[in-house]
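Worksheet: the structure to be examined is printed underneath.
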Amino acid sequence: MGPNLPAEAVIAALAASADETGLAALWLVGSFAEGTADRWSDIDLRGVTTDREVAVWPAMEEALLPFGCEVVKRRACTEQRPEGELVALFAKGFELDFHLLPQSELTAQYVGRYPVRVLLDQSCHVAELQAEAEGLSCSSTRSDVGACVSRAVYCWDQLHHGFVAYLRDEYDEALTRLVACHHELMHLVMRDRWELGPVPNLGGLRHLPLPERDMLSLIAPVRVHENMPNMVRGLASVLGQVTEALEREDETGRLAKWRRFVQSVLEEGLRRRLAEGE
């Protein structure tokens, strides 16, 4: 990883604006914390606020303005769901996924045992919480497996509906579904894979062929008609790897049924489109 990566400029801008946002802590997880990021790597950012994001979102979005991104999701912190989220897509081919939590909700379990890169810490002790989490038992439970299986089934479902919409030439609907699949799949790979012993260390998108990495990293409404088959293939490739490992843990067998069904739909649909000359 080097300082010339486009995403590093975004990280620097967000860190510089952190003092003006009411943030008590700001840190990176994922590849930018591990030191393995490349030009396709997304920015996985975590923050803690003392005032339930009153000033956070406007200041963050102002800091992002020079980079020409599109904010596609913004969820407020609430009493029922304390964790807020902001997702932005960048023309350079990467995504920002920023999760925000009130300081009163911050725990070692939330920080997690994965590497962190702290950008701001005003008495939140993020590094200490990460070390505490790292020392906790990481044995998986059946509920862990069940949650991951449910997330994988959801990904297959969104991929299926997105592909069917593509076959119907409903490109806006198709893109919406594929973005949803991509978002949940990256959470499954980067956040849940260590909880499941059999899940391989995929390292995000780095093990995919270059064309598939490009399509997964830049899911944006640019030449959607031409790019859609590659988007589908890229998502199916990663999801297939994750599913293979999870199926060994899924006692219900529902994940394997979903995978076989959707893969058959994709195979037949892509074959038909190819025969039509698309």
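The values are calculated or read from the model by the stated rules, or taken from the named source; none is laboratory data. Note that the structure is a prediction, hence the values are computed from the model and not measured. Note that we place each Cβ from the backbone using ideal geometry, even for glycine, and neighbour counts take in every protein chain shown.
Apart from one condition, E85 fits all of (1) part of a helix (DSSP H, G or I); (2) at pLDDT 85 or above; the exception is (1).
Could you check the range 74-114 and list, in sequence order, the residues that are within 11 Å of V48 (Cβ to Cβ), of a type in the set (S, T, Y) and within 19 Å of the chain's Cα centre (by Cα)? Correct list: Y110 only. Show the residue pairs that are 6+ apart or on different chains and have beta-carbon atoms under 9 Å apart, the first residue being within the range 158-183 and in the same structural domain as N227 (by TED's automatic domain parsing) and under 11 Å from M228 (Cα atoms), the second being among the basic types (K, R) and surrounded by fewer than 20 Cβ atoms within 10 Å (Cβ to Cβ). These pairs meet every condition: Y166/R273; L167/R272; L167/R273; A174/R168.
Has the range 112-126 got any residue that is among the polar types (S, T, N, Q), in the same structural domain as A24 (by TED's automatic domain parsing), buried (at least 16 other Cβ atoms within 10 Å of the Cβ) and within 19 Å of L28 (Cβ to Cβ)? Write out each step before concluding.
Applying the first criterion (among the polar types (S, T, N, Q)) to the range 112-126 yields 122-123.
Checking which are in the same structural domain as A24 (by TED's automatic domain parsing) leaves us with 122-123.
So of that shortlist, the ones also buried (at least 16 other Cβ atoms within 10 Å of the Cβ) come out as none.
The answer is no; no qualifying residue exists.
From the list L175, L119, L136, L167, the lone residue that is of a type in the set (A, V, I, L, M) and at pLDDT 90 or above is L119.
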